[in-house]
Amino acid sequence: MQGKNTTLIDAENRIMAKYLDKEFTDIAETEFKNKGVNIVLGQKVQKFEGTDTVKKVITDKGEYNADLVVLCIGFAPNTKLVQGKLETLPNGAIIIDEYMRTSEEDVFAAGDCCVVKYNPAKDTRYIPLATNAVRMGTLVGKNLVKPTLKYMGTQGTSGIKIYNKCIASTGLTEEVAKNTTNYNVGSVTIDENYRPEFMPTFEEAKVKLVFDKDSRRILGGQIISNIDLTQYMNTLSVVIQNEMFRAKEMAQWVKCLLHRREDLSSNSQDPCKSGHGHTGL
């Protein structure tokens, strides 16, 4: 990594475990390893050692020499000011309604200090994202005088680029869905080139859809490729929010966009021939 001996320490057993399922984090971890990054998983940093500058990182399972430490340890709601005065989650996140109102009259909250309406699970969760914060702040301004505009909720869409891999996710991963909801969770994964092989260039993309087997409702999705296809998770985010497709139709739609050559089920409408277009993913 640019001539530096770099170690990535994560308390979880795999990186980005809240955002991606294992088949995607495996690819991301391999990308790091191929660039010479030492990945240390399942260890929690306890302290740093050094006199004037940091010299060593101590975890609960080992120690690592260091000249520089970059911390990226997530968020926690800073709500001590209202502790015992407003209703909160156990972690301190302020509970709000769809108009950004708290449990106390004329007190509003927005951003990383409070919960959000999480559409995939149809519940409220603590999901600190800048896009949520900006939107919620605007809603506070709209609703200060009287309830005017409801918060539509979020799907928690996010993206990242790790060297050559463009990665994005929206909604629930399969693991998180199984661990935090009562849905009868299913999934489908597609590995396919994002455009036909007769084109001068093409790249493989991996796409995963997570759904509820009972209602067939789409709960989440993930994508990874060397080409930047991450914006399509924004499209899937809209699909989840508005429950626009069911799992079977959505999987066929993805296959169509990825130029899947296998025949579609004879008792299903072909989305490539029904006005959705054949534009490529």
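Quick notes on this structure:
- The residue that is surrounded by the fewest Cβ atoms within 10 Å (Cβ to Cβ), counting only those in segment 117-154 that are of a type in the set (Lys, Arg) and over 17 Å from GLY221 (Cα atoms), is LYS146.
- Looking across segment 143-175 at every residue that is β-branched (Val, Ile, Thr) and in contact with a Phe, Trp or Tyr (Cβ under 9 Å, 6 or more places away or on another chain), the one that is nearest to ALA130 (Cα to Cα) is identified as THR154.
- Failed condition for ASP52, given (1) at pLDDT below 95; (2) surrounded by 11 or more Cβ atoms within 10 Å (Cβ to Cβ); (3) over 24 Å from the mean Cα position of the chain (by Cα): (2)
- Answer from ASN91, ASN78 - the residue that is touching a residue at least 24 places away in the same chain (Cβ under 8 Å) and more than 21 Å from ARG135 (Cβ to Cβ): ASN91
For (1) crowded, with 16+ Cβ neighbours inside 10 Å; (2) at pLDDT 95 or above; (3) over 29 Å from ALA205 (Cα atoms), each residue gets a yes or a no:
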position	(1), (2), (3)
GLU23	no, yes, no
GLU31	yes, yes, no
GLY36	no, no, no
ASP67	no, no, yes
ASN78	no, no, yes
GLY84	no, no, yes
ALA109	yes, yes, yes
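- If you go through segment 208-225 and keep only what is out of contact with any Pro (no Cβ under 8 Å at 6 or more places or on another chain) and of a type outside the set (Val, Ile, Thr), you end up with LYS208, LEU209, PHE211, ASP212, LYS213, ASP214, SER215, ARG216, ARG217, GLY221, GLN222, SER225.
- Count of residues meeting criterion [modelled with pLDDT of 90 or more and either in the same structural domain as GLY221 (by TED's automatic domain parsing) or within 24 Å of ASN91 (Cβ to Cβ) (or both)] in segment 128-140: 8
- Among the candidates LYS56, LYS61, LYS44, the residue that is basic (Lys, Arg) and within 30 Å of ASN132 (Cα to Cα) is uniquely LYS44.
- Among the residues of segment 143-198, the one identified as acidic (Asp, Glu), over 13 Å from SER225 (Cβ atoms) and touching a strand residue (DSSP E or B) at 6+ places or on another chain (Cβ under 8 Å) is GLU174.
- Residue within segment 6-27 that is over 16 Å from ILE167 (Cβ atoms) and among the small types (Gly, Ala, Ser) present: yes
- LEU68 touching a residue at least 12 places away in the same chain (Cβ under 8 Å) and more than 23 Å from the chain's Cα centre (by Cα): yes
- CYS114 vs. criteria loosely packed, with under 15 Cβ neighbours inside 10 Å and not assigned by TED's automatic domain parsing to the domain that holds ASN242: no
- Here ASP112 passes the criteria (1) in contact (Cβ under 8 Å) with a residue 24 or more places away in the chain; (2) acidic (Asp, Glu); (3) in contact with a strand residue (DSSP E or B) (Cβ under 8 Å, 6 or more places away or on another chain) except the one numbered (3).
- Whenever a residue of segment 5-18 is farther than 19 Å from SER169 by Cβ, its partners that are of a type in the set (Ser, Thr, Tyr) and surrounded by fewer than 17 Cβ atoms within 10 Å (Cβ to Cβ), lying with C-beta atoms within less than 8 angstrom and at least six residues away or across chains, give the pairs THR7/TYR64; ILE9/THR59; ILE9/TYR64.
The values are calculated or read from the model by the stated rules, or taken from the named source; none is laboratory data. These numbers were taken from a predicted model, which means no experiment stands behind them. Heads up, the Cβs are rebuilt from the backbone with ideal geometry, glycines too, and the neighbour counts pull from every protein chain shown.
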